[in-house]
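First the structure, in the form of structure tokens, and then the observations on it.
The values are calculated or read from the model by the stated rules, or taken from the named source; none is laboratory data. Only a predicted model underlies this, so the values are computations on that prediction, with no experimental measurement involved. Methodologically, a virtual Cβ is constructed for each residue, glycine included, from the backbone with ideal geometry; neighbour enumeration extends over all protein chains shown.
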Amino acid sequence: MRNTILTLGLLVGTAGFIFAQEKKTAAKANDTIQPNPNNKTKDIEEVVIIAYGTQKRGEVTGSVGRVSAESFKDRPIARVDQALTGQIAGVKTRATSGKPGESLEIRVRGTASISASNSPVYVVDGMVVDDMANISPDDVQSIEVLKDAASTAMYGSRGSNGVVIITTKKGTTGKPSFSFSQYYGVQTIEKKLDIMTSAEWIDYATEAINKKWVALAPGNSASDSYAVRANYFGLANTTDYNLANINFMIDPRWGTNQVANIDWQDEFYRPAAIQSYQLAVRGGNKNVKYMISGAYFDQEGLAINTGFNRFNLNAVIDVNISDKWKAGIALRPSYSQSYGATVDGKDNLAHKMLSMVPVAELSAGLYTNFWKNTRYRWAGSTQSPIGLMENTTNDTNEFRLLSSLYVSYDILPNLNFKISGGATNNFNINNGYTPTFDLITNIPGQVSIASRRTVNYNRYLGEGLLSYKTTFGESHSVNAIAGYSAENYRTTTQYNRNKGFPNDDLKTFNFTQSASVLNSEYTASEWMLISMFGRVNYDYKKKYMLSASIRRDGSSRFGWNNLWGTFAAFGAGWKVDKEDFLKDVKWLNNLKLRYSWGENGNNSIGDYRAFGTLAGGNYSFGGNLSNGLIPNTIANPNLTWEKTQSSDFGFELGLFNRIDFTADYYIKKTNDLLLEEPIPSISGYKTMWKNVGSVQNKGLELELSTKNLIGEFKWNTSANIAFNNNKVLQLGSNNKPIPTGYSESTNIIQVGQELNAFYLYEAIGVLSTADINNTSVAKTNGAIAGDVKYRDVNGDGVINEKDRHIIGGPTPDYYWGFTNTFSFKGFDLSVFFQGQKGGYSYALLGRAIDRTSMGTTTNVMGNWANRWRSDENPGDGKTPRLDGTTGSLLDTRWLYDATYIQLKNVTLGYNFSQDLASKLKISNLRIYVSLENVWRKDHYYGGYNPESVQSDGTDYGAYPNAKVYMMGLNFNF
């Protein structure tokens, strides 16, 4: 609450500063405020993109957020979605992985679905696309986000999670104008995880081994030498450490230079380059306008031998064929490459690297247990993560083509018909090769695995749009559209994986040379969507606005009884500042109230979920096995859309033409949740897709933009904050909770709670000997002193499954963004903060290397240096003994407050004078330096980034994010 008050106070305080500045200015002008004399006559002329059209900002009845290209043109972003971070209230982005080229997770006004997608719809220049992967950020003019139902209802069955509309740059009238932009930077890891150093691990392993040695036989002492212990086990050769019994014998070389002491994170991660180049030309005349650009982006990964690069081309041509006929075409091919072994996730290379013992034989070093190097005797069986990263092939090449064309005809001066078509064609191929790394027991190629996966994805859209716009009686304006669209989607996938090759020289997939086939699969899927839609916008004297829309969709993804859905919405707006009773209030340039209601759908569940499907199976005929098909899933002919009903109350205020404030309160309820629900086994099936339950999101969004100083020295501020409350209202017919999360044991979906609430044992300390002897202290079965102490939730004196309870969830209380820009003469400075308050992250990676009784053949988190050793030396009071009994329980020791504040970007630029630029035969010459992910304060110690979690709030070792230090150059010629 304290942070909430401070944040709101900052917003209000900024507005107050502006008001004070206005009064100071007025005092110099006969002690009266002298606002812009055009305030009352000037409409809000900013044009925003809406569904199937545009509107002036002042006429919009829905909730629409906007980000212009100016706000991110100097930032080192690989993808367009990164430009949305912290810029629009109610739009939450999250970098679930720092892997180069990886997309962000975007949520608009919370999470509303359990099994269907929660991602918004993406629209590029009017064409629905799957994502923004092949759009170069340099080609973007603006990004609009439609948040409420009245704005998104025109996208019907797909609009329930919001709509992100990208508008790209177009041609202009005039001679060709070339522009060039370039930046180069260096990336470093944001933070390292606190894991044990070699000295700390040696102390940890020594304690564990000595405990076992002392307990092995009477008379054994922790001070017994290696030779004494070797003699006990009958080892004649005391210098051959590969014969040592590591459970009872300590390596006498520990703490000396006779073994390699390794910081695996320093070896695994590296400073990495990032660079981007774009050249564009724009021009045309009154009949033809064009924009052509080419871009190259290259980002090395922080993890060695990983990276991503992309080539983009963009060609947009618009033609005025005659006074009535217009046409246009856009072609956007891209080619991208990503490479490197899989770093993030359970049992993948970041996990393996962090758990590597920080000691190795000098002869092996970084390549311990790799090629012909044996593993270090006191380490586990994991092979060198450095060797694995350097020698594993995992390359993905993808070609994408986004194309569209349109033809429009003015039937009447106010009546236009437009027909358009588009296609998205993706071809993706992944080649993998894992050589034979163990050459002690194998020969090259003997157990090598090669794989190839090819995916062809094709999407086609045809659309007809009739639009009518007129004014009558000098006070009434009507804008209406009616349309029809048809879309087809088809995906084919082929996957082959073979094992055993003559050698490892080629490292390519060649099934004819392999010893065995592990996988050989081919799949194909297809679905269609047919839609009819219409909308009418009306305003009276630019003062009263009404909007109504309807869309009817038919989707092949749903059951035969419910193929069609109808989605309607309406909105109303009142420009109060246009009223006569406010006409003399010169300092008020905008006062607007608006309300909207509507219903949207969600059909993002995958193909054939409503239908009974078959799977391969074997039958016995005459004592012989024969291939055949068996029932796989059960049909549900009544399966239908998720439906989200949303109400939005909006307030807009503009003062002095320098302050703009917007507030939105919304209530968003999703019904008929799509869920794969367990069904009685007597049916012969395990699950069935059904429509069950409902979820509610409601919240408040505030945005403020101000022009604090407007003289030679300029200072502008933009701030936003969003609060969202998420609650499950119903689950099926009996409201039975649904376990989710890791092994369905960390989270729960339960009525009255937020989606994926954490359901855990609550750790409250460490058990002492006195606790063990006290029968009134609840304990797990077989607990010993130094074990984790848990809260006895039900008070029965025993710690068991009944003591798990809900402890928060992944949804933050609020999230915010705060940007200040300053300019003086040719210099400009931008400082951007963003963050969130509340919510939790569950560090599964931290748990994987932070449990009691893990043994000593892996490394552990650094907090184990402060573990419980005895009642007299209890450590930090949170970390248990190293040989405890509670390692299997999923508890709150790995649950972290996800609050953070981040200095996201600082950019300092200089725009050279036109005189100097003209001498170089160029114009608009600008140089800048930019720092990205500069600083972050958080409470997350079990992973690299509190944002790098899945939808259920769990993190199993996401690829870390990078700090970026870069310099850029822009100019025209």
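On inspection, Ala610 does not qualify as part of a strand (DSSP E or B), touching a residue at least 60 places away in the same chain (Cβ under 8 Å) and surrounded by 12 or more Cβ atoms within 10 Å (Cβ to Cβ). For the range 613-652, filtering for residues that are aromatic (Phe, Trp, Tyr) and either surrounded by 13 or more Cβ atoms within 10 Å (Cβ to Cβ) or at pLDDT 85 or above (or both) leaves 3.
Being in contact with a Phe, Trp or Tyr (Cβ under 6 Å, 6 or more places away or on another chain), farther than 29 Å from Val692 by Cβ and not in a strand (DSSP E or B) is true of Gly786. Among the residues of the range 809-829, is there at least one that is farther than 24 Å from His939 by Cβ, of a type in the set (A, V, I, L, M) and without any contact (Cβ under 8 Å) to a residue 24 or more places away in the chain? Taking every residue of the range 809-829 in turn, none turns out to be farther than 24 Å from His939 by Cβ, of a type in the set (A, V, I, L, M) and without any contact (Cβ under 8 Å) to a residue 24 or more places away in the chain. Just for the range 460-479: of the residues that are part of a strand (DSSP E or B) and polar (S, T, N, Q), which one is nearest to Val407 (Cα to Cα)? Per the stated criteria, the residue is Ser467.
Of all the residues in the range 875-900, those that are surrounded by 22 or more Cβ atoms within 10 Å (Cβ to Cβ), under 34 Å from the mean Cα position of the chain (by Cα) and of a type in the set (Lys, Arg) number 1.
Checked against (1) under 33 Å from the mean Cα position of the chain (by Cα); (2) within 27 Å of Asp883 (Cα to Cα), Pro812 meets all criteria but (2). Going residue by residue through the range 399-414, is there one that turns out to be surrounded by 18 or more Cβ atoms within 10 Å (Cβ to Cβ) and closer than 22 Å to Ser516 by Cβ? Checked the range 399-414: no residue is surrounded by 18 or more Cβ atoms within 10 Å (Cβ to Cβ) and closer than 22 Å to Ser516 by Cβ. Taken as a whole, the condition of being surrounded by 17 or more Cβ atoms within 10 Å (Cβ to Cβ), closer than 25 Å to Gln950 by Cα and out of contact with any Gly (no Cβ under 7 Å at 6 or more places or on another chain) does not apply to Glu744.
Lys286 meets all of the listed conditions (1) at pLDDT 95 or above; (2) surrounded by fewer than 18 Cβ atoms within 10 Å (Cβ to Cβ); (3) over 30 Å from Pro960 (Cα atoms) but one, namely (1). Restricting the range 689-719 to residues that are modelled with pLDDT of 95 or more and among the hydrophobic types (A, V, I, L, M, F, W, C), the residue that is surrounded by the most Cβ atoms within 10 Å (Cβ to Cβ) is Val695.
When the range 772-824 is filtered for residues that are small (Gly, Ala, Ser) and either closer than 30 Å to Lys707 by Cβ or surrounded by fewer than 16 Cβ atoms within 10 Å (Cβ to Cβ) (or both), the ones remaining, listed by number, are Ser776, Gly782, Gly795, Gly797, Gly817, Ser823.
This table checks each residue for (1) hydroxyl-bearing (Ser, Thr, Tyr); (2) under 30 Å from Pro678 (Cβ atoms).
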site	(1), (2)
Asn602	no, yes
Ile605	no, yes
Arg609	no, yes
Thr613	yes, yes
Asn618	no, yes
Phe621	no, no
Leu629	no, yes
Ile634	no, yes
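Gln494 satisfies every condition listed in (1) buried (at least 18 other Cβ atoms within 10 Å of the Cβ); (2) touching a Ser or Thr at 6+ places or on another chain (Cβ under 7 Å); (3) more than 30 Å from Gly58 (Cβ to Cβ) except (1).
Considering each residue of the range 344-366 in turn, at least one proves to be over 30 Å from Ala423 (Cβ atoms) and either of a type in the set (Ser, Thr, Tyr) or touching a Cys at 6+ places or on another chain (Cβ under 8 Å) (or both).
For (1) closer than 27 Å to Ser951 by Cα; (2) at pLDDT below 95, each residue gets a yes or a no:
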{"site": "Gly782", "(1), (2)": "no, yes"}
{"site": "Ile799", "(1), (2)": "no, no"}
{"site": "Arg804", "(1), (2)": "yes, no"}
{"site": "Trp816", "(1), (2)": "yes, no"}
{"site": "Thr821", "(1), (2)": "no, no"}
{"site": "Phe824", "(1), (2)": "no, no"}
{"site": "Asp828", "(1), (2)": "no, no"}
{"site": "Val831", "(1), (2)": "no, no"}
{"site": "Gln836", "(1), (2)": "yes, no"}
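Only strands (runs of 3 or more DSSP E) whose full extent lies in the range 58-165 are considered here, and the ones with at least 3 residues that are within 20 Å of Pro812 (Cα to Cα) are 91-94, 105-108.
Selection of first residues in the range 65-81 that are among the aliphatic types (A, V, I, L, M) and modelled with pLDDT of 90 or more and of second residues that are buried (at least 20 other Cβ atoms within 10 Å of the Cβ) and not in a helix (DSSP H, G or I), restricted to Cβ pairs under 6 Å at least 6 apart or on distinct chains, gives the following pairs, ordered by first then second residue: Val67/Gln87; Val67/Ile143; Ala69/Val140; Val80/Met132; Val80/Ile135; Val80/Val140.
Identify all residues within the range 640-654 that are of a type outside the set (D, E, K, R), within 15 Å of Gly90 (Cβ to Cβ) and over 25 Å from the mean Cα position of the chain (by Cα); write none if there are none. Across the range 640-654, the qualifying residues are Ser647, Phe649, Gly650, Phe651. Taken over the range 248-261, the criterion of being touching a helix residue (DSSP H, G or I) at 6+ places or on another chain (Cβ under 9 Å) and surrounded by fewer than 19 Cβ atoms within 10 Å (Cβ to Cβ) is satisfied by Pro252, Arg253, Trp254, Gly255, Ala260, Asn261. When the criteria are applied in full, Gly817 fails the requirement of being in contact with a strand residue (DSSP E or B) (Cβ under 9 Å, 6 or more places away or on another chain) and in a loop (DSSP other than H, G, I, E, B). Beta carbons closer than 8 Å, at least 6 apart along the sequence or on distinct chains, pair a first residue in the range 569-586 that is in contact (Cβ under 8 Å) with a residue 12 or more places away in the chain with a second that is assigned to a helix (DSSP H, G or I) and surrounded by fewer than 17 Cβ atoms within 10 Å (Cβ to Cβ) for Val576/Leu582.
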